[in-house]
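What follows draws every value from the coordinates through simple rules; no lab data is involved. What you are looking at is a predicted structure, and each value in this text was computed from that prediction instead of being measured. Glycine also receives a Cβ, built like all others from the backbone with ideal geometry; neighbour counts cover every protein chain displayed.
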Amino acid sequence: MTIKIVTDSASDMPVELADSLGIEVVPVNVIFGPEQFKDGVELSADDFYERLIDGEHHPTTSAPSIGEVVQIYEKLGQDADGIVSIHVSSKLSATYGVAEQAAAQASVDCPIKVIDSLQASQGVAMSVIAAAKVANSGAGLDAVVSTAMSTVERSQCFVLLDTLEFLQRGGRIGKARALIGTLLRIKPMIIVREGEVDTLGKARTYSKGVEFLKNTAEGFGDADEISVIYSTEKEVAEQLARSLSDLLPEGKEPFIARIGPGVGTHGGPRIVGVALLQSAV
Amino acid sequence: MFEAATNLLQQHVDEINALNVFPVPDGDTGTNMFLTMQSGVQGINDTQAETVSEVATAMYRGTFMGARGNSGVILSQFLKGLADGFDGLETFRVKDIVIAYERARQCAYQSVGKPVEGTMLTVISSIADSAKSIELSGGNLNDLHEAVCIAARNSVAETPTLLSTLREAGVVDAGGQGLVVILEGLRRYVTGQGMEGLKLEMIEPSSLESADGVVSEEFLTEHEEDEYGYCTQFVIQGDALDLKQIRSQLDEIAHSTVVVGDEFAIMVHAHADDPGNLISMGVSNGQLSKIKIENMDVQHNAFTAARRDEMETFTSSVVAVAAGPGISDIFRELGVSELIVGGDTMNPSVGEIVSAIAKAPSETVFVLPNNKNIVPAARAAAEQSPKIVNVLETLTIPQGISAMFSFDLQADVDTNSVAMSAAMTDIKSAAVTVAVRDATIDGISTKEGQYIGLLEGDIVIVGDDIKKLTLGLLGNVGVDDGSLVTLYQGDQLSENNADVIGGAVIDAFQGAEVEVVQGGQSHYHLIISIE
């Protein structure tokens with residue numbers, strides 16, 4: 001059986017990993033004033049953060065068009081027995097809805113299953129990678145879908161932000177709006193819960209926030225996979241990753257992934273966070 | 001024609017984007033709709049489209065590839081409906097447009113999983129309805145274009161009455177507003193009116209004006225509060241409905257009535273003890289649809305029960321001693337339930353602490369004395385109180401605030417106890433005050449009126465200049481890069497002076513973050529935390 005896996009760039013899936021696992025990544029659009037870029041394809045993370053910090057326009061994002069996704073499904077469908085398309089939470093992006101409509105409109109012979117990961121960034125990638133591994137082992141559509149669904153339930157993603165400004169500006173603040181306008185300066189921490197941004201906690205300083213992330217990760221118990229994600233502070237991410245390796249099976253190390261332009265638009269510089277796949281009980 | 005509408009839309013992108021003031025994940029609606037339209041116009045330019053059918057189809061195909069965001073997807077599906085409706089036509093007449101708008105409504109509604117009213121969908125629906133009514137009344141094309149624009153504007157103005165999120169934010173639906181601009185562009189184009197630099201007036205949420213059947217948000221919110229009986233909603237359809245008469249009939253048998261619409265369709269929202277009377281009244285006037293009846297007593301009871309449960313599920317709460325309006329507000333914001341006014345010169349009594357513990361909404365209560373001299377009273381209160389009381393021996397205000405940063409209302413008692421105890425010592429506390437007499441303490445001599453700097457309650461520095469003293473005090477403490485210095489400004493220190501000191505601290509410790517906060521405490525010119 002040949003099952004193809006599709007995701008979007010809001011999964012922050014590194015290109016090399018996607019290529020090696022045969023995962024198709026649909027880019028979302030990042031818009032700086034009059035200029036539009038395809039996330040990760042036409043705009044690198046380095047260029048993006050430079051523009052985000054110093055540029056005159058504040059970026060916005062938009063979902064890929066139905067037509068773009070239809071084209072991908074039709075291309076993959078030519079030699080596949082099924083397509084599993086796993087996307088960033090439908091409560092955070094229109095991409096899932098676009099994929100559903102594209103699945104209904106694409107002229108392909110094989111079935112297309114669109115899955116709402118209810119996650120963001122590497123929280124999405126947890127399901128995508130698990131599904132791709134099962135698919136590459138020759139499993140059928142049902143097995144790939146059930147793998148994806150079970151990882152969706154066990155995926156967690158939480159981050160420390162330098163400021164809520166970007167989340168608020170992009171309209172993704174969700175329940176974390178409780179963190180706005182505090183009397184004392186805080187470093188907000190958020191978690192994706194039931195597909196939405198929710199409050200995880202607040203720290204007084206960035207370093208206390210990183211410590212809080214570590215404690216939160218430990219609170220989720222043993223993990224099958226851990227990704228430490230960051231936008232601009234690579235060293236902080238590497239240090240956090242080292243402190244979390246005990247939660248993984250012997251010999252396995254946390255993966256470090258860069259938050260790309262699509263997600264970075266809504267998180268801003270200096271985010272650091274953790275995505276993990278809790279071990280099945 | 002579409003190009004003209006797109007240009008007009010471009011002139012209003014910022015205004016439409018601004019409507020996204022409430023946090024919904026659809027980003028910038030104006031930009032998305034403009035980009036969607038632009039890709040449609042590109043689609044027309046790429047083909048030799050000439051007939052109405054060809055142009056509409058090319059427009060839709062262009063947007064199919066270029067649709068951006070939720071609003072863009074709905075717009076694209078709206079255009080698909082028009083293309084379907086105009087299929088095979090060279091030109092159009094009134095009846096063709098009516099069919100096309102009807103088809104557009106179907107496509108738009110199908111495009112979203114769960115259609116929500118009070119959005120662009122509602123506006124599209126009113127466009128289709130008004131086109132139909134013009135056909136029935138024998139109007140011409142110009143009548144139709146005008147009626148459609150008016151209906152769309154009215155519908156947009158009413159979106160906040162249908163969708164609470166819009167109502168709370170006090171804005172109209174951005175997608176609907178975008179559609180109005182597009183329709184206005186099309187209308188002006190076909191009637192030969194120029195649009196260069198034209199700025200349309202953005203639609204305001206409908207105000208309390210019963211003459212034209214529109215209700216204000218205040219009206220709705222106000223009436224949402226008297227929630228008893230049955231909340232009943234339905235739409236009456238007919239061809240010569242009398243809005244005024246229906247409204248007065250309703251007022252006799254229901255309260256909180258909202259009646260909006262025109263001679264063809266009227267939406268009714270009312271609260272009544274017997275919803276049957278309302279339905280009978282409606283049926284006597286025309287055909288009913290979209291009937292929805294909810295028992296608000298049940299809702300109300302469920303609501304209060306949920307609130308009660310919430311109270312009972314607090315596992316722990318906090319009582320704190322503090323003085324100064326700014327510091328008190330900070331403690332409250334961080335989740336302190338009961339605040340006792342007190343400090344160095346006003347040590348609260350054991351009885352005051354016991355009664356604050358009694359008022360706290362949980363069986364287990366943490367007490368933060370925030371002062372060395374208040375710890376004994378807090379301990380005595382803990383013994384006297386019938387509740388389980390855990391006195392966290394915070395000796396300073398910064399320690400208390402740090403402990404509160406780790407307090408989580410949802411967490412269990414042990415988790416809070418461990419986290420708060422760890423946090424309260426994970427911070428350094430300093431203060432600046434004035435000597436009230438000449439003295440020598442720990443080998444440091446001070447004269448009355450001199451500034452003294454304290455670290456963890458001990459005098460470490462004396463001086464005549466508060467700025468220099470503060471810098472010296474912080475130098476004594478040691479401020480690492482990446483740490484946070486918070487200066488709580490006391491009521492004897494002017495804001496100007498506090499800012500000057502804050503600026504000096506920023507300059508002296510460039511790797512640290514510095515914030516100046518209104519503390520409002522007496523006696524201490526500054527309370528300082530370093531973390």
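Structure notes:
- Between A:Val41 and B:Gln287, the modelled label-to-label distance comes to 4.8 nm, taking each label 7 Å out from Cα in the direction of the beta carbon.
- Radius of gyration and maximum dimension Dmax of the stretch A:77-124, Cα, Å: 11.4, 32
- Efficiency of FRET from Cβ geometry, A:Asp222 and A:Arg242, R₀ 25 Å, rounded to 0.05: 0.90
- log10 of Debye I(q)/I(0), alpha-carbon scatterers only, for the stretch A:3-153 at 0.13, 0.14, 0.15, 0.18 Å⁻¹: -0.55, -0.64, -0.73, -1.01
- Computed on the stretch B:2-200, the Cα convex hull volume stands at 105 Å³ per residue.
- Rounded FRET efficiency, nearest 0.05, which uses the C-beta distance separating B:Ala439 from B:Thr165 and R0 of 56 Å: 0.35
- Straight-line cross-link partners of B:Lys387 among the lysines, defined as a Cα under 21 Å from its Cα and at least 8 positions apart when in the same chain: B:Lys359.
- Dipole magnitude of the stretch B:381-505 about its Cα centre (Cβ charges: Lys, Arg +1; Asp, Glu -1), debye to nearest 20: 240 debye
- Per residue, chain A reaches -11500 deg cm²/dmol at 222 nm when only DSSP H runs of four or more residues are counted, each adding -39500 (n - 2.57).
- Each other residue within a Cβ distance under 9 Å of A:Leu92 adds +1 if Lys or Arg and -1 if Asp or Glu, for a net charge of +1.
- DSSP beta bridges confined to the stretch A:155-278 are antiparallel in about 85 percent of cases.
- Proximal lysines relative to A:Lys175, as straight alpha-carbon distance under 20 Å, when same-chain residues fewer than 8 apart are discounted: A:Lys91, A:Lys187, A:Lys202
- Shape of the stretch A:92-163, Cα gyration tensor, a/c cut at 1.5: oblate
- Relative contact order (percent, whole number), chain A, Cα cutoff 8 Å, 6+ residue spacing: 22 percent
- In the structure shown, the pairs A:Lys4/B:Lys80; A:Lys208/B:Lys428; A:Lys214/A:Lys234 are assessed against 21 Å; a Cα-Cα span above that value is assigned to A:Lys4/B:Lys80.
- Rounded to whole Å, the principal axis extents of the Cα atoms in chain A read 58, 49, 29, largest first.
- More than 13 angstrom apart: percent of Cα pairs within the stretch A:165-210: 54 percent
- Span from the the stretch B:443-467 Cα centroid across to the the stretch B:73-144 one, whole angstrom: 79 Å
- Normalised contact order of the stretch B:429-530, rounded percent, pairs of Cα under 8 Å and 6 or more residues apart: 31 percent
- Taking Cα atoms only, the orientation of helix B:375-384 departs from the longest principal axis of chain B by about 70 degrees.
- Per-residue mean of C-beta atoms belonging to partner chains within 10 Å, peptide A:62-71: 6
- When only Cα pairs below 8 angstrom with a gap of at least 6 residues are kept, chain B shows a relative contact order of 8 percent.
- Top positive-direction residue, dipole computed over chain B with Cβ charges, set B:Met202, B:Ser133, B:Asn496: B:Ser133
- When both bridge partners sit in chain B, DSSP labels roughly 70% of those beta bridges antiparallel.
- Once the gyration tensor of the Cα atoms in the stretch B:314-424 is diagonalised, the equivalent ellipsoid follows with semi-axes of 18, 16, 12 Å, ordered largest first.
- Percentage of interatomic Cα-Cα distances in chain B larger than 45 Å: 45 percent
- Look at the stretch B:479-490: the mean tally of other chain Cβ atoms within 10 Å of its residues' Cβ atoms is 2.
- Across the alpha-carbon set of the stretch B:371-411, the Rg to Rh ratio works out to 1.02, Rh being the Kirkwood radius.
- Percent of Cα pairs exceeding the 49 Å cut-off, where the set is the protein assembly as shown: 33 percent
- Ranking A:Gln122, A:Val69, A:Ser85 by Cα position along the charge dipole of the stretch A:3-153, where only Lys, Arg, Asp and Glu carry charges on their C-beta atoms, puts A:Ser85 farthest toward the positive end.
- The label-point distance for A:Thr182 and A:Leu17, in a model that sets each label 7 Å from Cα toward Cβ, rounds to 3.0 nm.
- Taken along its three principal axes, the alpha carbon spread of the stretch B:401-531 comes to 50, 30, 26 Å, from the longest extent down to the shortest.
- Gyration tensor verdict on the stretch A:155-278 (Cα atoms; rounded if a/c is under 1.5, prolate if a/b is larger than b/c, oblate otherwise): prolate
- Partners for B:Lys447 among lysines (Cα-Cα distance below 20 Å; same-chain residues under 8 apart left out): B:Lys467, B:Lys468
- For the pair B:Asn497 and B:Lys359, the difference between a 0.36 nm per residue extended length and the Cα-Cα distance amounts to 45.7 nm.
- Fluctuation leader among A:Ser89, A:Ser117, A:Ser107 - chain A, Gaussian network, Cα springs under 10 angstrom: A:Ser107
- A crude spin-label estimate for the pair B:Asp87 and B:Lys468, with each label 7 Å from Cα along the Cβ direction, gives 8.9 nm.
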